[in-house]
Each structure stands twice: as structure tokens, then as C-alpha cells.
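Peer 1: Mind having a look at this structure? Questions to follow.
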Amino acid sequence: MNTQVPLRRRGYRHSRLLAFYDGLILLIVSLVMLFLYPSSVTGLGLLQIAVNTVLALVCIIGMRFLLRIYVFVWRYSRTSLYIRLLLADFWGGLVWLVINKLAPNTGLSSIHLLSIVALNALLSTGARLLYQYLYDYNTKESPIANLLRSVLHVLTGIKIEPAAPEHAVVSSRRINIAVVGAGRVGVMLAEELMKNPSAAYEPRCFIDIDSEKIGRNINGIPVLAEAEATQEVLATFPIQEIVFALPDMDAERKRQLYEQYKETGCKIKVYDYANPQKISSGKRRLREFNIEELLFRQQKDFIDPATRSYYTGKTILISGGGGSIGSELCRQIAQMKPRRLIILDVYENGAYDIQQELKIIYGKQLDLVVEIVSICDREQLEAVFERNRPQVVLHAAAHKHVPLMERNCVEAVKNNVFGTLNIVETAEKYGVEKFTMISTDKAVNPTNVMGATKRMCEMIVQSRKGTRTNFSATRFGNVLGSNGSVIPLFRRQIANGGPITLTDMRIIRYFMTIPEASQLVLTSGAMAKNGELYVLDMGKPVKILELAENMIRLSGLEPYKDISIIETGLRPGEKLYEELLIKTEELDKTDNSMIFIERDEPLTGDIIQQKLEVLRQAVATGDDDAVRAALHQVVPTFRTPEEVNAQANRADEMKMVKDAAAVG
């Protein structure tokens, strides 16, 4: 408390000092204009000069106090603050003008009065701009700059020292950048870098499409047209990195610009400014492209008020809650203020991590329970439901790694099929309101054991239609950055100097971000009526070879020169493409443009029991080949990868990628 008073008084001292010098400037202007430059119409006597000088001081300086001009720190002033200063002088001058008209014998003409107000505003603004300049460009060492600093120190006691040379980055060592976007955000970035003596970047040019800016300079930085920004032109500056400063750029535009500028050989970065309309809350950073931008997906928030209200106040259990999708579901649900959130997982490390993360964020505001239980353990599963009585179950627990499940067919069926059966039947027994199972695009005409088990799970869930628990399943493709996915693998391989390994140069996949997938799962679960198989729109397929090449480039390296890419051959159960999920002629629309319903007639409970019995008998043998054969029997769409890959060139999905490459 004792240290705050002197600091506050110091702030008041600076305000009073500024007001004093403003008054001094106005006094000098008034005396010059009234005494040395009298009106040509009528001469002014000493009394009239004194009265008008006092009126000027009271009206203008008083109005500045009224509009709180002196509470601001002018070192950080922006255009809006200078407008405020001019408005204060305008209103002050207007009051003075009215008094001048009403009061007798002031002897001052309106033109003379306005000249005093305008000249005073000019000098006050100029003084503030000079003060700000000395701070903003305090690396400038010159006799004039040093003289101005000395004068400022004598008059105000404020000492502005030039930045020490050791704290500044030598200009020749800075990274030369081109800023794409000469709008508010781009100019703000350039100004910030120019004013900061320790900045590692030097803005050398802007790139824009606005014809009114092209060919001109902004703060001494030339503005180039987008068509001009070729490798040859950028090399003349010379540009080393290109920074996107376009916060409202959509995914397609970002893709076009990335494809254009990657040809220059420059490293490409992004300037994040979360909300340029709210400077104080904007999150700013210069960073690499992230995974989502690499695939140029337009990020959206899919949680609407109806979805949020459905989960609010409910007890929600998430199986596999420590996994990639499960943990994101936990994050999303925690924001919706559930009555209780239950994380169920057999892998305690993942469950612990998300538990600690949510505890740090929400503390005691979130009723959080962690249950370390396998979905294969029916007895313990029922004990969890007995203790917690969940109203909503989100079933994300599953073995998902395709090559591993090809070698462990028995375990895949035990966990994925019979584990799902356990939690489905337990949910029914304990009166769960809604049950949503998370499926995969690999369940569409599966070519591997993992995909076949997930298709069997879909059939189990759909067969429950008409029971007191509302069952549904949601199917989507690969998620970016999930455990075991291709992007973290590529990142590790690049960090180790390569090579990047691809099973096949032709392979394509659909991708969605983890938050996108999780939000759409929650949305589809909230809208479910009973027995639906929901399908998420995954966008366009991505060629994995191009993904690998782009990741190498974004790391500042050259594909096939710095990092090689080698083909290792398709793994067991792997196919060249995942089948298109959204075939509108085969799907029903929902109110959400990203969610569709598969027209899939559910099987009866008796047929499902027959299929399960076939699988039970196969699992009892402990023979992986017997289990694989049983899966082929109970999942009619289960085909061998060789059969599917042989026809890959005729597949619509592969043609889609080829057509996109031809257009690009």
C-alpha cells in the first residue's frame, strides 16, 4: 500500500505537468495572435487581450480536463486519442465563441478566435507526436534527436535513453519478411517490428490486392501487387520469409496463397491476431503454419445453444475418455456445465492427464470422476453405472490401430465388439437416456479387422432401436494429431532428419480436426432420435504424399533434397483410399449441414445374436485366422484390401484427388 501512493502521485504529477505545458503553449499562441498580430478590423486593448487569453485558457484547457485528456499516457497514444484531443479543442473553441458573441466588448473576431484554436491544436498535437516519436524510435542516434531528448528532459524530467546497441538486433542479422496483407493487421505487425529494436524480423514489403495501395508506400515500406510477388522480385529485397497477416482469410484463399508462395522458396508463416477489433484482448504471435492450416480446413464452432443446453446439468460418462477423441469430448463437455463428468478408461496415464488438465481449469466447479475400468469387464462396468447413474454415454473406447489389430484379431473382437456389447447392455440396464457410439470411415466396406469390428459395433447399436435408451452411432474419418496418426509421425521423422516413410505414394485420406469431430459427435448425439447412423462431412480427401511434401517445406527444408520420402509398401489391411462418407444420394440431411444420416436398415436383435454367437465361437478358439474368417461371415461388406486396391484407379475418391491436382 505504501509504494502505491508515490507511484500514483507521480502519475498525477505527469498529468499536471502536461496540462501546464498545454496551458503555456496556449498562452504563447494567444499573446502572439492577440498582441503581436492584432485584428485588422479592430485593435485590442490590454484588458481585451487579458480577458480573451483567460477565456481561451478556461474554455480549451477546461474542456480537455472535462474530456479526460490528461489521464492518458501519450507515449502509447493512437489515432483515436488524437481525435479526442481535437474534439476537446473544438468544443472548447465553440464555448469560447459563444461567450465571445454574448459578452460585450471582447473585441475579437470569429476568424481571429478560430485561428488561435487551430494553431494551438496544431502545436499541442505536434508536441505529443514528437514525444511519441522519441520513444518509438529510440534507437535513432543523431545530434538533433539527442538535442530533443535533452530539451524534453529539462522541461519535463522525463529521460528517454536510446536503446543500448547490445539490446538491438543488428539490421544485417534480421530476417527479411514480406507481409501479405497491407490492411490494419499487416500494418500493425510492420509497425511493431520497426519500433522494436530487439525484433528478429525486418518488414521489407507488403503484398496486397488493393489497387489504391499498390505502388505506394506505407511507413516507408513498398506495397507490391500479388501478381508482382514472384521469386525474382522478392529476391531483390531480399525476402527470406512470407508472413500471412490476413485474419479473415478463408481456407480456400489460404490454400491458393500457400500454393502460390511456396514456389518462391521462402518459408511461410502466419501472424495471429485473434480479434483485430478488440486490441486489448487480441492474441498476437508470429508462428508456423499449424496442422489444420496445412490441410486448409475452415475451422468452425459447431456447438449451438440447443446442443449445449442438452448436455448442461446431466451426468455424462465418456468411455475411452483418456484417448485423443475421448479427452477432447471431456474438454467440450466440461464447458457445458454438466452435473457430473465421468472419465472411464483402462489406460490410467491418459485418464490422469485429462483429469489434471480439467482440474486446473475448473477446480471444484466441475464434479469430475475417473474410473479405471476395461469395457470388457462387465462386472466392474456395472459397478461404475450403479455408482454414478449416467444419463448420457459417449462410447469412444476401442482398439483402433489397423496393423496391430490385423495381428491381434482375437483381442480386436473381444474389446471392440464384445466390449461395446457390454457397455450397450449396461446402459440399457441402468436406464441411460442417450448412448452415442463413435465409429470410423474404415467401417465403410472394411478391408481390415479394425474396420470390420467397428461395422459390427454399428450394427449392434442400430439393432437397439426401440428400447428405452436412445442409441446412435457417428462415423467420421481420420482426426489430425491423434495418437498414432500420420502427422505426428511425419513431424518426428522430419525432426530426426528423415526420411519420411509412406506406405504408398498414391494413398489418400480424409481428415478432420479433433475439436471439429468432437463437437459434431456431441451435436449428432443431442439430435439423435433412436437408431440413427450419423455420417460427418469430412470435406475433400488429401493425398498423403502432398501432405508430407508440404510439412517438409513448412519446416524450412526442401523435399527430396534435405528430407527424402520413401515408399515402404502397404501394411496388412491397408487400402489406398477411404471411401467417401458423404454420398448425398444415399444419405438423409439433418439441420446441420455437416451431419447426414445413413439410410441403413437396422438388423433385428435375433440376427445380431446369431452373428455374435459366430464371433464368440471363433474367439473361443484363440485363433486369429478363425476370427478373421468369422468377421468376413458376419460383416458381408468386409473385403480384402487386395481386392479393393486393385480397383482403386476407378474409385471416385481417387479421381477426385486427381481432378483437384489437375485444377491446381
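What follows draws every value from the coordinates through simple rules; no lab data is involved. What you see is a predicted model, and the numbers here were worked out from it, not measured in a lab.
Peer 1: When we measure straight from the Cα of Lys561, which aspartates and glutamates land under 16 angstrom away, once same-chain ones fewer than 8 places off are left out?
Peer 2: Excluding near neighbours in sequence, the set is Glu263, Glu546, Glu549.
Peer 1: What percent antiparallel are the DSSP beta bridges of segment 174-289, to the nearest 5?
Peer 2: For segment 174-289, the DSSP antiparallel bridge percentage is about 30.
Peer 1: Which of the aspartates and glutamates could a cross-linker bridge to Lys454, judged by Cα under 12 Å and excluding same-chain residues fewer than eight apart?
Peer 2: Hits, sequence-local ones excluded: Asp441.
Peer 1: Per residue of segment 375-381, what does 6.51 cos²θ - 1.76 cosθ + 1.60 with θ = phi - 60° give for ³J(HN,Hα)? Whole Hz please, x for Gly and Pro, Karplus curve as stated.
Peer 2: 5, 7, 8, 4, 5, 6, 4
Peer 1: Hey, another quick one. Which whole-Hz ³J(HN,Hα) couplings does segment 570-576 yield from phi under the Karplus relation 6.51 cos²θ - 1.76 cosθ + 1.60, θ = phi - 60°, glycine and proline marked x?
Peer 2: Working through the residues one at a time gives 4, 7, x, x, 8, 10, 5 Hz.
Peer 1: Something else: Cut-off under 14 Å on the C-alpha distance; same-chain residues fewer than 8 positions from Lys414 excluded. Which aspartates and glutamates are left, in chain and number order?
Peer 2: Correct list for Lys414: Asp377, Glu406, Glu613, Asp623, Asp624.
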